[in-house]
Amino acid sequence: MRLWIYGIELVVILIVGGFLISRQKVLAPAPILSPAGLTVHQVRLGQAIVQAEVADTPARRQKGLSGHAPLTQDQGMLFVFPAPARQSFWMIDMTFPLDMIWIGADKKVAGITANIPAPSPGTLPQDLPLYQSPEPAQYVLEVNAGWAEKQGIKLGDQAEW
């Protein structure tokens, strides 16, 4: 009899435990994904907020916004590197101009390269200029050209995401 009661208690515990685990999965927020399947973070710089696709793997960082549809005013791409370093970017296969906001490991703006033009059609890769962070950066936020000035972004501003 006692064995039968322990068996019922075990079944009840398993059912309740399974319900709680499945409920946690349902209640956990799903990550926001872009149409390209990239995770999207809300990035705040001062009073400005950008919905940024995250490029956090070598393949995603290499592709970046190349071939991407133009951004809306509240969109961007956040590049995440494993460690701070002098980062270099080029505008291969870009169709719209950008601002690059270089962000240090402390999530403070370390530099801004504004109004970078899209290359002329037919520009060979070896003819593209390189844009480099003025200081070591662990993150780079790419936004529409003119966005940083319009939002009043300056060196030392704190980024949050």
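Points worth noting:
- Subset tally (residues that are closer than 20 Å to residue 121 by Cα and in contact with an Asp or Glu (Cβ under 8 Å, 6 or more places away or on another chain)) for the stretch 37-70: 4
- Of the listed requirements (1) open to solvent by less than 40 Å² (accessible area, probe 1.4 Å); (2) of a type in the set (Asp, Glu); (3) without any contact (Cβ under 8 Å) to a residue 24 or more places away in the chain, residue 106 misses just one: (1).
- Residue 116 vs. criteria within 18 Å of residue 77 (Cβ to Cβ) and in contact with a helix residue (DSSP H, G or I) (Cβ under 6 Å, 6 or more places away or on another chain): no
- Hits in the stretch 110-137 - residues which are open to solvent by less than 30 Å² (accessible area, probe 1.4 Å) and either of a type in the set (Phe, Trp, Tyr) or in contact with a strand residue (DSSP E or B) (Cβ under 6 Å, 6 or more places away or on another chain) (or both): 110, 111, 116, 133, 137
The values are calculated or read from the model by the stated rules, or taken from the named source; none is laboratory data. Since the model is a prediction, treat every value here as computed from it, not as a measurement. FYI the Cβ positions are ideal-geometry reconstructions off the backbone, even for glycines, and counts take in every protein chain you see. In case anyone asks, the SASA skips ligands and DNA or RNA and just uses the protein heavy atoms, side chains included. Shrake-Rupley method; radii C 1.70, N 1.55, O 1.52, S 1.80 Å.
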